[in-house]
Amino acid sequence: MNTIEVVAAIITHNDQVFATQRGYGEFKDGWEFPGGKMEPGETPQQALVREIREELDTEIEVGELMETIEYDYPKFHLTMHCFLCTIRSGDLVLKEHEAARWLTKEELDDVDWLPADIKVVEKLKIVLASS
């Protein structure tokens, strides 16, 4: 099975988390943490900074690795490195997504997360509860 390695930004601000809704592709309308594929020679952190700049016109500070998710979709295996991030500058302009929301810990279940991201959400609830 083909493995796709991606990075995801868990952008937090004032005890809320930024979630985006996919506007294209096989998983259109599903909710996810923004990010994307790493390019050859990039570190996960570099890829995340580039992806968020491209997708959301925003500069982020990449913090610690929260978790690496391994998930089997029907057509591929996903390895997703999820980093806690904060915003340095920018307004989170949606260039590729159709919607976005800031979610509190209590609102995390209000959106229809993509399967791999559900695992991240469960971990995130624990992280937010302890902060």
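The values are calculated or read from the model by the stated rules, or taken from the named source; none is laboratory data. If you're wondering where the values come from, they're calculated on a predicted model, not measured in any experiment. Neighbour counts run over all protein chains shown; Cβ positions are idealised from the backbone, glycine included.
Numbers for the structure displayed
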{"quantity": "Cross-chain or 6+ apart pairs with Cβ under 9 Å, the stretch 54-72 first and at positive phi, then exposed (fewer than 13 other Cβ atoms within 10 Å of the Cβ) and not basic (Lys, Arg)", "calculated": "Asp57/Asp91; Asp57/Val93"}
{"quantity": "Condition broken by Glu5, with the remaining ones in (1) touching a residue at least 60 places away in the same chain (Cβ under 8 Å); (2) in a loop (DSSP other than H, G, I, E, B); (3) not hydrophobic (A, V, I, L, M, F, W, C) satisfied", "calculated": "(2)"}
{"quantity": "Residue match in the stretch 86-100 (condition: at pLDDT 95 or above, surrounded by 18 or more Cβ atoms within 10 Å (Cβ to Cβ) and either assigned to a helix (DSSP H, G or I) or not hydrophobic (A, V, I, L, M, F, W, C) (or both))", "calculated": "no"}
{"quantity": "Count - residues of the stretch 77-126 that are more than 25 Å from Thr43 (Cα to Cα), of a type in the set (Val, Ile, Thr) and touching a residue at least 24 places away in the same chain (Cβ under 8 Å)", "calculated": "2"}
{"quantity": "Some residue of the stretch 25-43 being under 14 Å from the mean Cα position of the chain (by Cα), hydroxyl-bearing (Ser, Thr, Tyr) and surrounded by fewer than 18 Cβ atoms within 10 Å (Cβ to Cβ)", "calculated": "no"}
{"quantity": "Odd one out for Val49, checked against (1) crowded, with 20+ Cβ neighbours inside 10 Å; (2) in contact (Cβ under 8 Å) with a residue 24 or more places away in the chain; (3) over 24 Å from Ile126 (Cα atoms)", "calculated": "(2)"}
{"quantity": "Qualifying position, being over 14 Å from the mean Cα position of the chain (by Cα) and of a type in the set (Ser, Thr, Tyr), among Thr79, Thr86, Thr68, Thr104", "calculated": "Thr104"}
{"quantity": "Residues of the stretch 44-58 classified as over 12 Å from the mean Cα position of the chain (by Cα), closer than 22 Å to Gly23 by Cβ and not aliphatic (A, V, I, L, M), total", "calculated": "5"}
{"quantity": "Residue count for the stretch 80-106, restricted to those that are of a type in the set (D, E, K, R) and touching a Lys or Arg at 6+ places or on another chain (Cβ under 8 Å)", "calculated": "2"}
{"quantity": "Condition check for Ile60: part of a strand (DSSP E or B) and touching a Cys at 6+ places or on another chain (Cβ under 6 Å)", "calculated": "yes"}
